[in-house]
Structures are given as structure tokens and as C-alpha cells.
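Reading through the C-alpha cells given below for one structure.
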Amino acid sequence: MINIPNAITLLRILMVPLFLSFLAEGSTDLALGVFILAGVSDAIDGAIARITDSRTELGAHMDPAADKLLLVSAFIALGIKEMVPLRLMILVIVRDVVILGAYLISAAMAGKSMPMQPTVWGKLSTFLQLSCVGLVLLAHTAWVGIPSLLLSTVFIATGITAVISGAGYMLDGLRWYQRLESDGPSATT
């Protein structure tokens, strides 16, 4: 179960408290370094898993959970520190909580997990969330200036894609559950 890609993912999860502590202390440069390192580790663990054909069920669940843990934690911390708009922080968190909640509720009700496939909107939302966190951290370092218009544009785009992708995942979940219901009681037990 614990192979090299899964170990790297686990290290990424362990980077979250380090990232948050640097951010809380005001060490934005160090927080940015940990954030970049976490992003690089995400690419490396995926590449190693594909190249060595060492994908596991654990890794399939742990990898996106590590990504979400980092992003949601980052948005909460940046929102509290007023480095991102509170509305954006709330949108990102609510999107992920609704998706996770719907997934867990559907699994409990149906007796099996709904397959979760990334969508184009979901990938775009994640990309913009990552870009947003990275740009905000860069904007709060002493060595890079980020134009406020660029930050505002990224905030708006991140919020829009969070809403669209969240609604899309909810609709996919409802359709999946309706298919189970239409297949009869045996499909949900």
C-alpha cells in the first residue's frame, strides 16, 4: 500500500501544517516555498505512479485529498489574514464541502461510492485556485509585485469556476443517484 508515490503524497499532507505555520507567522516567502514544493511533489508522485505502474486505490483517494487539504487550508488562512476576499474563501470552501458531503451521503444512501471523475470545469477551478494562492503569496513577498487588476481578475475567475464546477459535480451526483433509483431497489442496497 505505501509505495513511493503514496509516500510522497503523505509528505505533501505533512507539508500543510508547515505551510500554515509559516503563513501564520508572516513568513510568506517560506509559505510560498512550501506551497511550490507541495505542487512539485504532486507532479512527481503522479509521474512516478504512471511510469512505474504503481497506482493504488489508496493513492487514488489520498492524492486528491492532499490537494484539497492544502487548497482549503490555504484559502481559510488567506481569508482570515484578509489576503483573499472572504467571499472567495467561502465559495471555495462551500464548493468542496458540498462535493464531499454529497459524495459521502450518496455513498451512505446507495451503499456504494459514486465514481468521481474530474471535469474540465473542475480542473480549471483547481488550476485557478492554485494560481490564486500562488499569486497572492507572491504579491505578499518583498521581491515580486503583482498588479491588483491581475489579482482581482484571478479572484473573480476562481470564484466563477468554483460555482460552475461545484454545480456541475452536484448535477452529476443527482443524475447518478437518479439512475440508481430508476434501476430499482436492488441497485441501492
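The values are calculated or read from the model by the stated rules, or taken from the named source; none is laboratory data. Quick caveat, the model's predicted, so the values are computed rather than measured. FYI the Cβ positions are ideal-geometry reconstructions off the backbone, even for glycines, and counts take in every protein chain you see.
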Residues of the range 41-71 that turn out to be more than 18 Å from Thr126 (Cβ to Cβ), β-branched (Val, Ile, Thr) and in a helix (DSSP H, G or I), as a count: 2
Lone qualifier among Gly111, Gly173, Gly159, Gly79 - being crowded, with 17+ Cβ neighbours inside 10 Å and either among the aromatic types (Phe, Trp, Tyr) or at pLDDT below 95 (or both): Gly173
From the option list Leu130, Leu135, Leu100, Leu124, single residue qualifying as more than 21 Å from Leu171 (Cα to Cα) and within 14 Å of the chain's Cα centre (by Cα) is Leu130
Inside the range 72-130, the number of residues satisfying the requirement of being among the charged types (D, E, K, R) and farther than 21 Å from Trp176 by Cα is 3
Checking Ala38 against (1) closer than 22 Å to Met170 by Cβ; (2) in a helix (DSSP H, G or I): exactly one of these is not met. Which one? (1)
Okay, helices (runs of 4 or more DSSP H) sitting entirely in the range 116-189 with 3 or more residues that are closer than 26 Å to Leu78 by Cα and not polar (S, T, N, Q), I get 120-139, 148-182
